[in-house]
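Q: Structure below; questions to follow.
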Amino acid sequence: MDSINSISKGTFLFANGKDIKQLKRKKASSSKNNEYNQEWYQNFQYFWDIIEAKIEKIQSESYERTLSSLLKYIHDANTGDSNLQTAVLMTGVNQIDHFKQFDLLSQKISNNCFSIVTILKSRDCSNIKYTIEALVAGLIYGRVENDEDDDENIHVKLKKKQLTLSVLEAWYNNRFGSDENKPKLTIMLADFEQFPPHVMQDLVSILCSYSSRLPIVLIIGLATAFKTLHSVLPFHITNKISVNIFQAESSSSMLNRILDEVILTHHCPFFLSGKSFKILIDIFLFYDYSLQSFIQGFKVFMLEQYSTNFFASLYTLGSVYSEMIEELSHENCEWLRRNCMTFRHYVENHEDPQLRIDLITKDEKLKQFIPKKASRALRFYFQFFCCLRMLAILIEDLPRNNLGKQLRELYPICAETEITKLEEFQECFKLLRFTSKDKFLGKLDKIIRILNIYIYDEIIHENLRNNFTIVRDKLLKYRVQIFEAKMTPVKSPEATSVPSTAKINTKGVIGRHEMLQKLKESAMNQPTKIVVEYDKHLCECLDYIYDVFERHLVPFNKGPVLTELFLFSDCNSVRRHIVGAPRSSIHNALVNPHHYLQCKCCTVKENEQILSTMPDISIAYKLHLECNKFINLFDWLQSFSMVIDNNNNDEEENISPEIQAKFTRSVAELQFLGFIKQAKQKTDHVMRLTW
């Protein structure tokens, strides 16, 4: 191999086989396109800053509710008792940057409570000795915000063996013994589940013994369930602590808030197709349950949209940036003609042949065509999201609802299919006809509030605002009618009572045929159906809402022309960036190292081919693919030696120490990567783990 003896020296050193000088030259040549790149990137950065600010606001509001109650507990904690004051913070699985959240909490406690705070992490607390040392060092050298004596903040550096709780007690009494307002010692365990159980048991027991002499407050961060605390700490330890539980907002509920208020709104600068959105949701629900990963995945989609689609930059706060259309190049116009399916469908079905020719051949005609149609496409998305929220309100509490009760469940269905033609949608509207008066009026009030949000939004176009106003006024009219409707049945004046079976049989015994005839005649004389005024107005209101959904709640591919300009649907191109496949990448790198190293000596025509110039680990990996479940190390070494040195023979003593060292290192690397492990049955064999 070219100047590389092992994969550990070269596989990840080069960027696709190019050295640093080549990369620098490439950067210098790409600086000519800075103006073009800067334009789309500025648009992306501008809208991403807006989205990120909204997301951070939602997170801060969620944290503030928990922090305020936790700060009050720490401030009012009755320390000095025999029981250790303990707060259990239920953070939920994979909250946004778990340790960052505890760092923020530590700062809040230091700023709002007269307290010395330290955070213990499991990686620093493998045994009780290291745990006590980290705890005491964090408290002694921690900063007290309300301490005005700067000289007292200068401490003599203690040795690790001197960092004990008795030293902490002596230091605390010496420094704060004469003060009336003494700070509390707050100890935070950020990742409680990762601590060794025996370390936690010893630590809590020791802290309980010092709780009567030191004002200690323990904060435990749990990401799973409260029963984890009891599974780690036995009863004789939990009996000595006073536990208070604080529940943080879960990842799923916070995700729903971000979707409802940021992503699935008409304020979002671009819109996700149903498939793209479902990929992000599936990764969140079935892979990591991490909100941070979801946000970063959405950012990757947005970056891909702005970097590859020039027309994405046309969006500017609910309208189209018309001045930018004049700057469209011929390549941009051709991209639209080739990739925009709604445009092609519009041209193919238009009645005017001259217009079809002009749109295909003349760029100026296309530039005149885009602003009006793009604005109409935006109005389509605004109406879609409004109707989507209306539908979510109507069916959120219906029984046997197969469409979903949350916005993230309804969105991919409505974006991909005509929901009004689905059987599940028809069943939901049938169930709505049996809704009680009070419940349906509550649903109407929520829908009217949603319409008011769109009507009074500044970015909504005047024509679209008028359409929303018409729908709102119509629903207000139905609301008044339903509210004033009488719930008592109204009988028809011509109605007569139904004759009973006893009256039919008064003339004696009759045959079966005559009995059926009598029943038919009596059924014909039944009164007309009992009419309830509320049911009549309810059905009229639902029919009107159904018509609104049928017009505006249509899939994106059946929307007006140029809807693709603001829609991201090319999710396969960026899926590999957000869904990692490390095992597949490692396999490809070991089977074909030329893919990454780009050296001529590693070029193979077939994946099964093994070259002596390949990295050592690639040779060992390809040889192990030819074996069964158990691999004899001696036979493996012989094959490895024959590939590297074709002049050797099968005798063990002729294998050079250098080849044995390379083989040993390659086997260790394969074991580290998880391809093999040592066999328990035979000491001279290894077991293959992948197939």
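Q: Which pairs turn up if I take residues in region 158-187 that are more than 20 Å from L203 (Cα to Cα) and look for partners that are part of a strand (DSSP E or B) with beta carbon separation below 6 Å, at least 6 apart in sequence or on another chain?
A: Filtered contacts from region 158-187: P183/S115; P183/I116.
Q: Restricting region 125-151 to residues that are modelled with pLDDT under 85 and surrounded by 12 or more Cβ atoms within 10 Å (Cβ to Cβ), which is farthest from A87 (Cα to Cα)? Quick ask: steps written out before the conclusion?
A: Pass one, region 125-151, residues modelled with pLDDT under 85: 141-151.
Now drop any that are not surrounded by 12 or more Cβ atoms within 10 Å (Cβ to Cβ), which leaves 141-142, 144-145, 147.
Details: Y141: 23, G142: 21, V144: 21, E145: 22, D147: 25 Å.
Top of the filtered list is D147.
Q: A further question on this structure: Can you pull out every residue in region 170-195 that is basic (K, R) and either open to solvent by 60 Å² or more (accessible area, probe 1.4 Å) or touching a strand residue (DSSP E or B) at 6+ places or on another chain (Cβ under 8 Å) (or both)?
A: K182, K184
Q: Looking only at region 434-465, which residues are of a type in the set (S, T, N, Q) and more than 27 Å from E484 (Cβ to Cβ)?
A: N463
Q: State which residue is least open to solvent (accessible area, probe 1.4 Å) when the search covers only region 609-628 and only residues that are of a type in the set (V, I, T) and touching a residue at least 60 places away in the same chain (Cβ under 8 Å). If you could, list the steps in order and put the result at the bottom.
A: As a first pass, look at region 609-628 and keep what is of a type in the set (V, I, T): 610, 613, 617, 619.
Filter again for touching a residue at least 60 places away in the same chain (Cβ under 8 Å), leaving 613, 617.
On the way: T613: 47, I617: 6 Å².
Result: I617.
Q: So which residues in region 557-577 are in contact with a Cys (Cβ under 9 Å, 6 or more places away or on another chain) and part of a helix (DSSP H, G or I)?
A: Once the filter is applied, which keeps residues that are in contact with a Cys (Cβ under 9 Å, 6 or more places away or on another chain) and part of a helix (DSSP H, G or I), region 557-577 yields T563, E564, L565.
Q: Which residue is modelled with the lowest pLDDT, if the candidates are limited to region 62-89 and must be open to solvent by 20 Å² or more (accessible area, probe 1.4 Å) and in contact with a Cys (Cβ under 9 Å, 6 or more places away or on another chain)?
A: Residue satisfying both the conditions and the ranking: S82.
Q: Is it the case that S110 is closer than 30 Å to S290 by Cα, surrounded by 16 or more Cβ atoms within 10 Å (Cβ to Cβ), of a type in the set (S, T, N, Q) and at pLDDT below 85?
A: Yes.
Q: Just for region 603-625: of the residues that are touching a Lys or Arg at 6+ places or on another chain (Cβ under 8 Å) and acidic (D, E), which one is modelled with the highest pLDDT?
A: Ranking the candidates gives D616 first.
Q: Could I ask something else about it? If D202 satisfies every condition in (1) more than 19 Å from V243 (Cα to Cα); (2) modelled with pLDDT of 90 or more; (3) of a type in the set (D, E) but one, which is the exception?
A: Going through (1) more than 19 Å from V243 (Cα to Cα); (2) modelled with pLDDT of 90 or more; (3) of a type in the set (D, E) one by one, D202 breaks only (1).
Q: Can you tell me which residue is farthest from F226 (Cα to Cα) among those in region 196-215 that are open to solvent by less than 10 Å² (accessible area, probe 1.4 Å) and in contact with a Leu (Cβ under 9 Å, 6 or more places away or on another chain)?
A: L214
Q: Out of curiosity, is Y596 buried (at least 16 other Cβ atoms within 10 Å of the Cβ), closer than 21 Å to K677 by Cβ and hydroxyl-bearing (S, T, Y)? Don't jump to the end; show me each part of the working.
A: Numbers: buried (at least 16 other Cβ atoms within 10 Å of the Cβ): yes; closer than 21 Å to K677 by Cβ: no; hydroxyl-bearing (S, T, Y): yes.
Taking the combined requirement at face value, the residue does not satisfy it.
Q: Hey, can you tell me all the residues within region 320-344 that are assigned to a helix (DSSP H, G or I), out of contact with any Lys or Arg (no Cβ under 9 Å at 6 or more places or on another chain) and free of Cβ contacts under 8 Å to residues at least 24 places away in the same chain?
A: Step one: list which residues in region 320-344 are assigned to a helix (DSSP H, G or I), which gives 322-325, 330-339, 341-344.
Filter once more, so that each one left must be out of contact with any Lys or Arg (no Cβ under 9 Å at 6 or more places or on another chain): 322-324, 330-332, 334-336, 339, 341.
Listed by number, the residues that qualify are E323, M324, E331, N332, E334.
Q: Which residues, taken from region 276-335, are more than 15 Å from the chain's Cα centre (by Cα), modelled with pLDDT of 80 or more and polar (S, T, N, Q)?
A: Answer for region 276-335, where residues must be more than 15 Å from the chain's Cα centre (by Cα), modelled with pLDDT of 80 or more and polar (S, T, N, Q): Q305, S307, T308, N309, S313, S329, N332.
Q: Show the residue pairs meeting these rules: Cβ distance below 6 Å; 6+ apart or different chains; first residue within region 260-280 and over 15 Å from G297 (Cα atoms); second residue assigned to a strand (DSSP E or B) and open to solvent by less than 10 Å² (accessible area, probe 1.4 Å).
A: Going by the 6 Å Cβ cut-off, the qualifying pairs are P269/Y315.
Q: Among (1) closer than 24 Å to R688 by Cβ; (2) over 27 Å from the mean Cα position of the chain (by Cα); (3) surrounded by fewer than 20 Cβ atoms within 10 Å (Cβ to Cβ), there is one condition S584 misses while meeting the rest; what is its number?
A: The one condition S584 does not meet is (2).
Q: Give the residue that is nearest to L207 (Cα to Cα), with candidates limited to residues of region 39-84 that are part of a helix (DSSP H, G or I) and among the acidic types (D, E).
A: Taking the candidates together, the pick is D76.
Q: Could you say whether any residue in region 634-644 is farther than 30 Å from D288 by Cβ and under 40 Å from the mean Cα position of the chain (by Cα)?
A: There is no residue in region 634-644 that is farther than 30 Å from D288 by Cβ and under 40 Å from the mean Cα position of the chain (by Cα).
Q: Check S110 against each of (1) part of a helix (DSSP H, G or I); (2) within 31 Å of the chain's Cα centre (by Cα) and name the one condition it does not meet.
A: Unmet condition: (2).
Q: Now for a separate question. Give the residue that is nearest to E669 (Cα to Cα), with candidates limited to residues of region 607-620 that are touching an Asp or Glu at 6+ places or on another chain (Cβ under 9 Å) and not charged (D, E, K, R).
A: Here the answer is I617.
Q: Tally time: how many residues in region 419-437 are free of Cβ contacts under 8 Å to residues at least 40 places away in the same chain, open to solvent by less than 80 Å² (accessible area, probe 1.4 Å) and not acidic (D, E)? Step through it out loud before you land on a result.
A: Initially, region 419-437 is screened for residues free of Cβ contacts under 8 Å to residues at least 40 places away in the same chain, giving 421-428, 430-431, 434, 436.
Next cut, open to solvent by less than 80 Å² (accessible area, probe 1.4 Å) only: 422, 424-428, 431, 436.
This time we only want the ones that are not acidic (D, E), so: 422, 425-426, 428, 431, 436.
Result for region 419-437: 6.
Q: What is the one condition in (1) of a type outside the set (D, E, K, R); (2) open to solvent by less than 10 Å² (accessible area, probe 1.4 Å); (3) touching a Cys at 6+ places or on another chain (Cβ under 9 Å) that I450 does not satisfy?
A: Among (1) of a type outside the set (D, E, K, R); (2) open to solvent by less than 10 Å² (accessible area, probe 1.4 Å); (3) touching a Cys at 6+ places or on another chain (Cβ under 9 Å), the lone unmet condition for I450 is (2).
Q: Okay, next question. Scan region 460-482 for residues that are in contact (Cβ under 8 Å) with a residue 24 or more places away in the chain and closer than 11 Å to I448 by Cα and jot them down.
A: Result: F468, V471, R472, K474, L475, L476, R479.
Q: Also: Where the second residue is of a type in the set (S, T, N, Q) and buried (at least 17 other Cβ atoms within 10 Å of the Cβ) and the first is over 28 Å from Q85 (Cβ atoms) and modelled with pLDDT of 85 or more and lies in region 243-255, which pairs have Cβ atoms under 6 Å and are six or more apart or on separate chains?
A: M254/S62
Q: To continue, here is another question. Give me the residue from region 407-434 that is part of a helix (DSSP H, G or I) and among the hydroxyl-bearing types (S, T, Y) and, out of that set, nearest to E550 (Cα to Cα).
A: Within region 407-434, the match that is nearest to E550 (Cα to Cα) is T420.
The values are calculated or read from the model by the stated rules, or taken from the named source; none is laboratory data. Source: prediction; values computed, not measured. Heads up, the Cβs are rebuilt from the backbone with ideal geometry, glycines too, and the neighbour counts pull from every protein chain shown. Just the protein is used for accessible areas: all its heavy atoms, side chains included, with ligands, DNA and RNA removed. Shrake-Rupley method; radii C 1.70, N 1.55, O 1.52, S 1.80 Å.
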